[in-house]
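What follows is calculated from the coordinates using simple rules that are stated; it is not laboratory data. No experiment lies behind these values; they were computed from the predicted model shown. Positions of Cβ are backbone-derived with ideal geometry, glycine not excepted, and every protein chain shown enters the neighbour counts.
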Amino acid sequence: MPTPFGALITAQRAHLRLTLRDCALRAGIDPGNLSKIERGKLAPPQDESLLLRLVDAIELTGTDEGQRLLDVASVQNGRIPSDIASNERLIAALPLLLRTVNNRQLDDARVENLIKMIRDA
């Protein structure tokens with residue numbers, strides 16, 4: 001079953017009408033490994049340069065979707081994105097924020113609304 005990361009890669013490749021082999025060639029990754037990543041048989045790459053090459057290969061460099069793909073890769077690998085992890089003040093507040101959201105049992109629509117409110121603040 002595809003993971004969120006794999007599904008995003010697959011969808012963007014389809015949008016670009018890019019074959020798996022061509023995408024792998026652009027990113028400098030083995031086509032078999034890219035196939036496994038897309039199908040959820042292999043975790044997203046942890047190597048940042050490889051992730052950036054993959055984002056570039058599917059033409060998402062510098063876009064919100066490209067950043068989302070990088071964030072999804074971090075989360076699926078059990079990591080906090082490096083730009084967030086380096087912010088000590090944010091890291092200190094993160095557990096409280098996440099526990100509050102979790103305890104309130106917000107549905108997806110409310111989480112999206114909360115994100116929008118924070119972005120607009």
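A few notes on this one:
- FRET efficiency for GLU88 and ASP56, using Cβ-Cβ distance with R0 set to 35 Å, rounded to 0.05: 0.70
- Expected 222 nm ellipticity per residue - DSSP helices of 4 or more, -39500 (n - 2.57), all of the chain, to 500: -21500 deg cm²/dmol
- Formal net charge of residues neighbouring ALA85 (Cβ-Cβ distance under 13 Å; K, R +1; D, E -1): -2
- Once the Cα atoms are used to define both axes, helix 64-76 deviates from the longest principal axis of the chain by about 80 degrees.
- GNM on the chain, alpha-carbon springs under 10 angstrom: the most fluctuating residue among LEU60, LEU106, LEU94 is LEU106.
- Within a Gaussian network of the chain (alpha carbon springs, distance under 10 Å), most fluctuating of GLU38, GLU59, GLU88: GLU88
- Across the chain, Cα-Cα pairs farther apart than 24 Å form 35% of the total.
- Simple label model, 7 Å out from Cα along Cβ direction - ASP22 to GLN76, nm: 2.2 nm
- Dipole magnitude of the stretch 74-121, debye to nearest 20 (Cβ charges: Lys/Arg +1, Asp/Glu -1, about Cα centre): 120 debye
- Per-pair calculated FRET efficiency, R0 = 30 Å: ILE115 and ARG39 via Cβ, rounded to 0.05: 0.55
- Sites ARG99 and ALA7, calculated FRET efficiency, Cβ-Cβ separation with R0 35 Å, nearest 0.05: 0.80
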